[in-house]
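The values are calculated or read from the model by the stated rules, or taken from the named source; none is laboratory data. Model, not experiment: these values are computed from the prediction. Glycine gets a Cβ as well: all are built from the backbone with ideal geometry, and neighbour counts include every protein chain shown. Calculation scope for accessible area: heavy atoms of the full protein, side chains included, ligands and nucleic acids excluded. Shrake-Rupley method; radii C 1.70, N 1.55, O 1.52, S 1.80 Å.
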Amino acid sequence: MSLVTLKDVLQPALQHGYAVAGMVTLGWEDMRAYVAAAEAENCPLILQAGPGCRAHTPLPVLGKMFRHLAEQASVPVVAHLDHGYTYEECQEALDAGFTSLMFDGSRKPLAENISETRRVVELAHGAGISCEGEIGFVGYDGGEGSAGTNPQEAAEFARETGVDAMAISVGNMHLQTDQSGGLDEARIGEIQALTSVPLVIHGGSGVPAAQRQHLARTTNICKFNIGTELRQAFGTALRAAVNKDETRFDRVEILKDTHAPVMQAARTVLQAMKRPS
């Protein structure tokens, strides 16, 4: 299956009542497990390179890794830049072969966010790829607080930027390590009433799996970003692999033991939001 754009996978999700997982990657071992999980579940997948990943591995290398996995996969795979903060960073991702750019101007005043996002949308669409924007800052568990999305501003943002997907702040938080929270379904409804653009939930790990499934099937939320719970699965598996045999030192052999547990965790995520059979 060839590499695809974000629009290629989100428009069918919007039409048929399901969501696609944006899985946050940190390295070869997790991204390979995510693709294997998507193949096992026979559903599309969005591989995401966020700021932490990019600080560890350069964008040109990530682009080649994503494209290699996508070209070998039996399901559609999107190569997605997550939280690009500058036009230049988005241009670099485009040049590296990414098929989707997410520009995050959510900390900026509305007019500035619209202007800068629109510029990245024009860059992406000019190259035949997709762009996601964010309106309403999504905060961090134990850190910077969220600024909830104003529905009227969301409608203006979607209309004026032409984004292919719009990330919103409706009670979600990044880096939440449990699912004790939940999303503001009333606010989601207000946003959805004013715009038909596919909606995105960042910080999806903190959203109860049952609510993810419900919203995927009943609203315009077409993408949940999942990072923390998959990192937890990887960390648990790696710790067990290291501790299993203290004489083992080959990192490749140790990392092999993370594949099955991370793949299973990813399959569980995908099962809750993929298209009903």
Exercise. Using the structure shown, decide if V138 is touching a residue at least 24 places away in the same chain (Cβ under 8 Å), on the phi < 0 side of the Ramachandran plot, surrounded by 15 or more Cβ atoms within 10 Å (Cβ to Cβ) and assigned to a loop (DSSP other than H, G, I, E, B).
Key: yes
Quiz item: Looking at (1) at pLDDT 95 or above; (2) within 22 Å of V9 (Cα to Cα), can you tell me which one R212 breaks?
Solution: (1)
Practice problem: Evaluate the following for R248: is it part of a helix (DSSP H, G or I), in contact with a helix residue (DSSP H, G or I) (Cβ under 9 Å, 6 or more places away or on another chain) and among the charged types (D, E, K, R)? | Solution: no
Exercise. Inspect segment 213-224 for any residue being touching a Ser or Thr at 6+ places or on another chain (Cβ under 8 Å) and within 30 Å of E185 (Cα to Cα) and give the result as yes or no.
Key: yes
Quiz item: When T99 is evaluated against the numbered criteria (1) in contact (Cβ under 8 Å) with a residue 40 or more places away in the chain; (2) open to solvent by 10 Å² or more (accessible area, probe 1.4 Å); (3) more than 16 Å from the chain's Cα centre (by Cα), which criterion, by number, is the only one it fails?
Solution: (3)
Quiz item: For P276, which of the numbered conditions (1) more than 21 Å from the chain's Cα centre (by Cα); (2) open to solvent by 50 Å² or more (accessible area, probe 1.4 Å) fails to hold?
Solution: (1)
Quiz item: So which of A241, A266 ends up being part of a helix (DSSP H, G or I), within 16 Å of G27 (Cβ to Cβ), in contact (Cβ under 8 Å) with a residue 40 or more places away in the chain and open to solvent by less than 30 Å² (accessible area, probe 1.4 Å)?
Solution: A266
Quiz item: So which residues in segment 111-135 are acidic (D, E) and either within 26 Å of A79 (Cβ to Cβ) or crowded, with 24+ Cβ neighbours inside 10 Å (or both), if there are any at all?
Solution: E116, E122, E132, E134
